[in-house]
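The values are calculated or read from the model by the stated rules, or taken from the named source; none is laboratory data. Predicted, not measured: the structure shown is a model, and the values here were computed from it. Here Cβ is always computed from backbone atoms with ideal geometry, including for glycine, and neighbour counts include all displayed protein chains.
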Amino acid sequence: MKVTADRTRCMAAGHCAVTAPDVFDQADDGLVTVTDPTPPDPARADVLLAERLCPSRAVTVHDA
Amino acid sequence: MTVDTALLPSYPQDRKCPYQPSPGYQELGGEGPLHRVRLFDGKWLWLVTGHSQGRRLLADPRMSADRSRADFPVVLPRFEAPIFKPLALIGFDPPTHSVHRRLLAPDFSLKHVRALRADVTALAHRLIDRITAKGAPADLLNDYALPIPSMVVSELLGVPYDDHEFFEARTVDLLQAKSPEGAEAAGQALWDYLDRLITAKERDAADDGVISRLASRVDGVDLTRDDLLRIALALLIGGHDTTSQMIAMGVVTLLEHPDQLDLLLADADLVPAAVDELLRVVSVTDVSGVRVALEDIEIDGYTVRKGEGVLVSSSMTNRDPEVYPDPYRVDVRRTAGSASRQHMTFGFGIHQCLGQNLARMELEVAFTVLFERLPTLRLAVPRADLAFRKGGTMQGVHTLPVAW
Ligand code: HEM
Ligand code: SF4
């Protein structure tokens, strides 16, 4: 599983960092950063939830 | 297409129960995801009650939030006031919206919100100290539910809390105005107040919150002084009325569901999801967002034509049985972890509430401190005597008499 986040779309709602804190964080500007772009399988459900919650479709999970 | 609006259900409709949508909306929700409804001015728009359809429409770049457009739906008379036409953030499309939202993102980040938590907890305790010192009954709205978000937002923005009676009253006048003139007068009073405040901050090169931080960023291009005024106005208004009424209505809901209150108090880990369940149930704004279509949009067999208005109902999308089995039940254990964040109370898409994590934190603190300190809290009047807001979309109580 590979995770990317598009900072040009992020609206700083923070769902991703709450839902999968080992994978996403908010940088000092409030926008998303991916701290673990290839998370282990047990994180899959949380990462998919983060993708679904993101209101501005900034989070993408590849080969999910 | 011409629609005979006389035959359509009207919008908005008052609730019969303070935390359940009007029976008329419930009926519509059972019929499908999109409905034509008649507004006060005889025009109509699409009322969206389906969760999936609401999400997709609010995330669709072909939907505009620009309130200055001639075809933007006017849901209530007060929205005809000029002050509402260029409403900051909420009423702008990209690219202006994105520029302003990014300017504010650091102040509303999770880190910043978490750093405020201890102060908000201390504030809640001080307010309870004052309530118990005075003795029962108390007005939980004005003695607790309102001062918490009001103090938090004035601190965050750098607005003197000493002026709270002025800005709280004018905000209620603006949001509950029955006419455009009433809304305009209240909005103008707030505008003039913030204008003077910003002038003083510019003069003193103040460094005391969001307004002075943004004042130093005014460049006449990405951020004009009028933009700053509009943003300050939006944050001041958005920051306290919704949250205070959510605290009040959340307390009413919990008092009527003592089993749910017990669950919440028994397990600190449950509190965030329980707060989201209360946000879902109460749907305090009743609306997730209003937009106008810039192009024809096909959605699940419906066509929203260019120029048609759309209003996504939070109270009804939050009761879509596809997402929420037994949707009218209050169930603080409904969803574990952040799956509880799927509700539409804060909207969806690029305009999803900027203050949502701040509001969640304030609500978590407000409910836990209140029931920890006053475990025997109860209404001091029969529930039938509580006066709820009528005639609009924003829900609320006028006062909330309680004893303990
Ligand atoms: C329980 C409390 C709250 C509720 C239910 C609520 C609800 C909402 C909703 C539904 C929207 C989206 C409107 C749309 O898409 O047209 C919104 C946007 C917004 N809210 Fe909140 N809100 C709350 C608290 C707050 C607080 C505490 C603040 C600020 C301190 C705030 C500031 C804003 C702003 C600035 C926007 C516009 C964001 C944008 O357009 O990008 N809100 N809110
Ligand atoms: S959920 Fe989406 S909008 Fe929110 S911080 Fe994460 S990437 Fe940004």
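General observations
- For A:Val34, the conditions (1) in contact (Cβ under 8 Å) with a residue 40 or more places away in the chain; (2) near ligand 2 (Cβ under 10 Å from one of its atoms); (3) not acidic (Asp, Glu) are fulfilled apart from (1).
- For first residues located in segment B:93-119 and at the interface with another protein chain (Cβ under 8 Å from one of its Cβ atoms), partners that are of a type in the set (D, E, K, R) and lie 6+ apart or on another chain with Cβ distances below 7 Å form the pairs B:Ala105/A:Asp29; B:Pro106/A:Asp28; B:Pro106/A:Asp29.
- Flag for A:Thr33 being outside any helix (DSSP H, G or I), under 15 Å from B:Ala105 (Cα atoms), away from ligand 1 (no atom under 16 Å from the Cβ) and modelled with pLDDT of 95 or more: yes
- Residue check for A:Cys10: within 13 Å of chain B (Cβ to nearest Cβ) and either in a helix (DSSP H, G or I) or of a type in the set (Lys, Arg) (or both): no
- Segment B:19-55, residues that are in a helix (DSSP H, G or I) and within 23 Å of B:Phe79 (Cβ to Cβ): B:Gly24, B:Tyr25, B:Leu28, B:Gly54
- Odd one out for B:Leu294 among (1) under 28 Å from B:Ala234 (Cα atoms); (2) buried (at least 18 other Cβ atoms within 10 Å of the Cβ); (3) away from ligand 2 (no atom under 16 Å from the Cβ); (4) not charged (D, E, K, R): (2)
- Breaking point among (1) within 12 Å of the chain's Cα centre (by Cα); (2) at the interface with chain B (Cβ under 8 Å from one of its Cβ atoms); (3) surrounded by fewer than 17 Cβ atoms within 10 Å (Cβ to Cβ), for A:Gln26: (3)
- Scanning segment A:30-64 for residues that are facing another protein chain (nearest Cβ under 9 Å) and aliphatic (A, V, I, L, M) turns up A:Leu31, A:Leu49, A:Ala50, A:Leu53.
- Counting the residues of segment B:63-86 that are more than 26 Å from B:Thr303 (Cβ to Cβ) and in a loop (DSSP other than H, G, I, E, B) gives 4.
- The conditions of being crowded, with 16+ Cβ neighbours inside 10 Å and part of a helix (DSSP H, G or I) are not met by B:Leu354.
- Being of a type in the set (S, T, N, Q), under 12 Å from B:Leu57 (Cα atoms), within 16 Å of ligand 1 (Cβ to nearest atom) and buried (at least 23 other Cβ atoms within 10 Å of the Cβ) is a property that holds for B:Ser288.
- Selection status of B:Leu379, surrounded by 23 or more Cβ atoms within 10 Å (Cβ to Cβ) and away from ligand 1 (no atom under 14 Å from the Cβ): no
- For segment B:173-183, the candidate set comprises residues that are in contact with a helix residue (DSSP H, G or I) (Cβ under 7 Å, 6 or more places away or on another chain) and surrounded by fewer than 17 Cβ atoms within 10 Å (Cβ to Cβ); within that set, the residue that is nearest to B:Ile83 (Cα to Cα) is B:Gly182.
- Applying the set (1) closer than 20 Å to B:Val113 by Cβ; (2) surrounded by fewer than 23 Cβ atoms within 10 Å (Cβ to Cβ) to A:Met1 leaves exactly one unmet item: (1).
- Among the residues making up segment B:309-351, a single one is assigned to a loop (DSSP other than H, G, I, E, B), in contact with a Pro (Cβ under 6 Å, 6 or more places away or on another chain) and within 13 Å of chain A (Cβ to nearest Cβ): B:Phe348.
A quick yes/no check of all residues on (1) at pLDDT 95 or above; (2) surrounded by 17 or more Cβ atoms within 10 Å (Cβ to Cβ):
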position: B:Pro33; (1), (2): yes, yes
position: B:Arg38; (1), (2): yes, yes
position: B:Trp46; (1), (2): yes, yes
position: B:Arg56; (1), (2): yes, yes
position: B:Asp60; (1), (2): yes, yes
position: B:Met63; (1), (2): yes, yes
position: B:Arg69; (1), (2): no, no
position: B:Phe79; (1), (2): no, yes
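- In summary, helices (runs of 4 or more DSSP H) completely within segment B:181-297 and bearing 3 or more residues that are in contact with a Lys or Arg (Cβ under 7 Å, 6 or more places away or on another chain) occur at B:210-215, B:271-282.
- Out of A:Val18, A:Val3, sole residue that is facing chain B (nearest Cβ under 10 Å) and either modelled with pLDDT of 95 or more or assigned to a helix (DSSP H, G or I) (or both): A:Val18
- In the set (1) within 14 Å of chain A (Cβ to nearest Cβ); (2) surrounded by 15 or more Cβ atoms within 10 Å (Cβ to Cβ), the condition left unmet by B:Val369 is number (1).
For every residue, the table says whether it meets (1) under 20 Å from B:Leu58 (Cα atoms); (2) near ligand 2 (Cβ under 10 Å from one of its atoms).
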| position | (1), (2) |
| --- | --- |
| A:Thr8 | yes, no |
| A:Val18 | no, yes |
| A:Pro40 | no, no |
| A:Arg44 | no, no |
| A:Arg57 | yes, yes |
| A:Val61 | no, no |
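- Matching entry among B:Arg341, B:Arg378, B:Arg329 (being basic (Lys, Arg) and free of Cβ contacts under 8 Å to residues at least 24 places away in the same chain): B:Arg329
- Of everything listed in (1) more than 16 Å from ligand 1 (Cβ to nearest atom); (2) within 28 Å of B:Leu379 (Cβ to Cβ); (3) crowded, with 21+ Cβ neighbours inside 10 Å, the single unmet condition for B:Arg130 is (3).
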